[in-house]
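Worksheet: the structure to be examined is printed underneath.
Taken together, the values in this text are just the output of simple stated rules run on the coordinates, not laboratory data. Predicted, not measured: the structure shown is a model, and the values here were computed from it. Here the Cβ is made from the backbone with ideal geometry for all residues, glycine too, and neighbour counts use every protein chain on show.
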There are 2 protein chains.
Amino acid sequence: MGYADYMGHKRDHPRSTCPISLALEVFGDPWTLLVMRDALYLGKRRFGEFLSSGEKIATNILANRLERLVRRGVLRRKPAEQGREGPIYEPTEKGLALIPVLMEILLWSERYERLSVPPPGFVRRIRADREGLIKLVQKRVRSGLPGLG
Amino acid sequence: MGYADYMGHKRDHPRSTCPISLALEVFGDPWTLLVMRDALYLGKRRFGEFLSSGEKIATNILANRLERLVRRGVLRRKPAEQGREGPIYEPTEKGLALIPVLMEILLWSERYERLSVPPPGFVRRIRADREGLIKLVQKRVRSGLPGLG
DNA sequence: CTGTATCCTTAGGGATACTG
DNA sequence: CAGTATCCCTAAGGATACAG
């Protein structure tokens, strides 16, 4: 431990009840969404897999982020079983629901940030998800962008 | 100054060329997207307006984020003219393109984070944007989610 | 292989005072 | 009003060693 529940320093309660602010207290840091990228788009599930990403996250940071994501209900930790190597981390429904967020970030970055070169397997995986994503977006459009009622 | 160009510590170059990672080096912190929320959804333009948000950002942090957002082409700074009070910060096209990102974050948070209560004027402004947003999303769906070709 | 633990450094950040 | 400048402190993070 040693980390606060919320991300801004010196607080143990949310800064405000604004939904954007609340979301940032879950993933408003340089690492959390990279872990979710690995989980959602690269199919990673195990500690060592997350650790091996190109951005070279440190073990203590990774452990902290995994623990927080589990505590916040974004990932679910399944303990090791006999015959299997170790525990795995897999997205919950709340975690899967971050796919559209990552998608919009991806589109923004591809369009406006030079240097953008997705990691191996990334674009392929996203293409595979495309149909599901389009359906999800269409459904959201049909229902008039829920959540704003 | 005193802040590095990129957000993870001790680096002056991107961690990787992954679009998600690159985007996080622009807004992968607890404050930047709040500034953009204020600019895009609450119509704030001036230093004092950003300063007065419910989350109580400090002046040095705000100055740093505004400077970085300008440097990264997300905001544009227009100097004070005679007759007007002071400089204003307004979104560039790149900045406006963050609206869908914030929208997805909002939908995720409203759905999965308890406590979610948007600040005054927020929902109203988003409702006003709804038509434009739906059009934008529909267009994106029609063209098959560009950026992944 | 999956983490803890530890050491160390620094950037991030809160508070406040101050300046053009 | 729009920031700088300072002080001070802590959490975040990098590196490495080590334990079950």
In the stretch A:52-69, residue nearest to B:Ser16 (Cα to Cα) [restricted to those that are more than 10 Å from DNA strand C (Cβ to nearest atom) and assigned to a helix (DSSP H, G or I)]
A:Arg65
Where B:Arg68 falls short, out of the listed (1) more than 10 Å from chain A (Cβ to nearest Cβ); (2) surrounded by fewer than 18 Cβ atoms within 10 Å (Cβ to Cβ); (3) in contact (Cβ under 8 Å) with a residue 60 or more places away in the chain:
(2)
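State yes or no: is B:Glu49 among the charged types (D, E, K, R), part of a helix (DSSP H, G or I) and away from every other protein chain (no Cβ under 14 Å)?
Values: among the charged types (D, E, K, R): yes; part of a helix (DSSP H, G or I): yes; away from every other protein chain (no Cβ under 14 Å): yes.
So B:Glu49 passes the test.
Within the stretch A:38-61, identify whether any single residue is at positive phi, loosely packed, with under 15 Cβ neighbours inside 10 Å and within 14 Å of DNA strand D (Cβ to nearest atom), and answer yes or no.
Kept after step one, since they are at positive phi, are these residues of the stretch A:38-61: A:43, A:56.
Applying the additional criterion that residues be loosely packed, with under 15 Cβ neighbours inside 10 Å yields A:43, A:56.
Cutting the leftovers down to within 14 Å of DNA strand D (Cβ to nearest atom) gives us A:56.
Yes, there is a match, as at least one residue in the stretch A:38-61 is at positive phi, loosely packed, with under 15 Cβ neighbours inside 10 Å and within 14 Å of DNA strand D (Cβ to nearest atom).
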Subset tally (residues that are assigned to a helix (DSSP H, G or I), more than 8 Å from chain A (Cβ to nearest Cβ) and either surrounded by 18 or more Cβ atoms within 10 Å (Cβ to Cβ) or more than 16 Å from DNA strand C (Cβ to nearest atom) (or both)) for the stretch B:71-125:
6
Consider A:Glu25 against the criteria (1) within 14 Å of another protein chain (Cβ to nearest Cβ); (2) part of a helix (DSSP H, G or I); (3) away from DNA strand D (no atom under 13 Å from the Cβ); (4) not hydroxyl-bearing (Ser, Thr, Tyr): it satisfies all of them except one. Which criterion is unmet?
(3)
